[in-house]
Structures are given as structure tokens and as C-alpha cells.
Amino acid sequence: MLKYRKVYKTSMQIAFTGSRNLTKEQECEIYKDFDYFISNHNAQWHVGDAPGLDDFVRRAAGYYNKTLTVYEVQGKQRWHFAERSKRMVDAIANLPDPWLYAFPNKLCPDGCKPCKNPNGKGSGTWLTIAYAKYRGLQIYIFPQFKTRYGDTSWMPDWLKEPDHQQLSLF
């Protein structure tokens, strides 16, 4: 006799990061990304408590009926905001299918790189991206600045996929 077992697909875990200030034009573009690409995933959402993109995600979660976890900042010093972002990334890093969806509004600052305590040089978004890379999250970037389709020259080297080489047997 065959036994059947129900298999539940575990949902993605998506953390979001982006600017604290969004223009109406950026909100419209982000809405298009959410409507076309993001809202269709079977995913649990994770976001901070800041204005801007965080606020947009909190409103969108209700609209798209998504499970949402909000990470609150626990102080007013600059490092408290970085700690909140790291706490959010750490919360999903060891779960199945963790992603960071990032909406940077400027280029990555020089010196910002993946490590245990990255320095975003004033950019919380890039600090979060660098830390997510360090923790092994998959990262999808929705730049909020002008780029040409397919152009990745603006990406830091640590985000670019390594070139694949054919190994020689001889």
C-alpha cells in the first residue's frame, strides 16, 4: 500500500532595504516592481521600521496579504540603525530560501564591502546589502538611479557573479 505525504513548499524569506526618502516617481517604479515581480512570490516579508521604503513595504504587505515581520530600531545612535538591519538579516540567514531585495538610490560607497561589521559610509542600504552578502543571502537589486538595461558596471565587484571558466584536463 502506498502512503502519501503532503509536502509543503517552504516559502521564501524576503528582507527589504532601501532609502528613507522616496520620490513619487520612485514609489511608482517600486510599485511596478512589487506588482509585477515581488507580490507573486510565496514569501514572508521582513522590513525595518524606518520611513521611505520600509514604510512602503509595510503598506504593501497589507495590500498583498503577506506575512510581515517588522524590526524596530532600539535607540537613536547611528549604530542602532545598523544593528536593526543586521538583526533582520540574521533572522532569516539560516532559514530556507533567504533573499534581500534592495532598492539603493545611489552607488555603493567606496570601502563598503561584505564583512561581519560592514561600513556603509552613511548608506544603510549598502551596509545591509554588504552584510547580507557576508551572511550568504541571495540578493536582488532594484536600483533607484538610472542604469542601462544589462549594465552592471555600477555594481561593486563583490556583487558580480564570478566568471565561469572551462577547466582544462591537460
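Data overview
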read-out: Sorted peptide list for 93-105, 114-126, criterion being average Cβ within 10 angstrom, highest first; value: 93-105, 114-126
read-out: Cleavage-rule hits, GluC sites (Glu not before Pro), the stretch 24-99, DSSP coil, Cβ neighbours within 10 Å at most 16; value: Glu72
read-out: All Cα pairs of the chain, percent lying beyond 20 Å; value: 54
read-out: Given charges at beta-carbon only (K, R positive; D, E negative), |dipole| of the chain in Debye; value: 480
read-out: Relative contact order (%) - criterion: Cα under 8 Å, at least six apart; region: the stretch 1-149; value: 25
read-out: Å² per residue, accessible surface of the chain at 1.4 Å; value: 66
read-out: Highest-fluctuation residue, Lys146, Lys32, Lys106 considered, GNM on the chain with Cα pairs under 10 Å; value: Lys146
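The values are calculated or read from the model by the stated rules, or taken from the named source; none is laboratory data. What you see is a predicted model; the values in this text were computed from it and never measured. Glycine also receives a Cβ, built like all others from the backbone with ideal geometry; neighbour counts cover every protein chain displayed. Accessible surface is based on the protein model in full, side chains and every heavy atom, while ligands, DNA and RNA are left aside. Shrake-Rupley method; radii C 1.70, N 1.55, O 1.52, S 1.80 Å.
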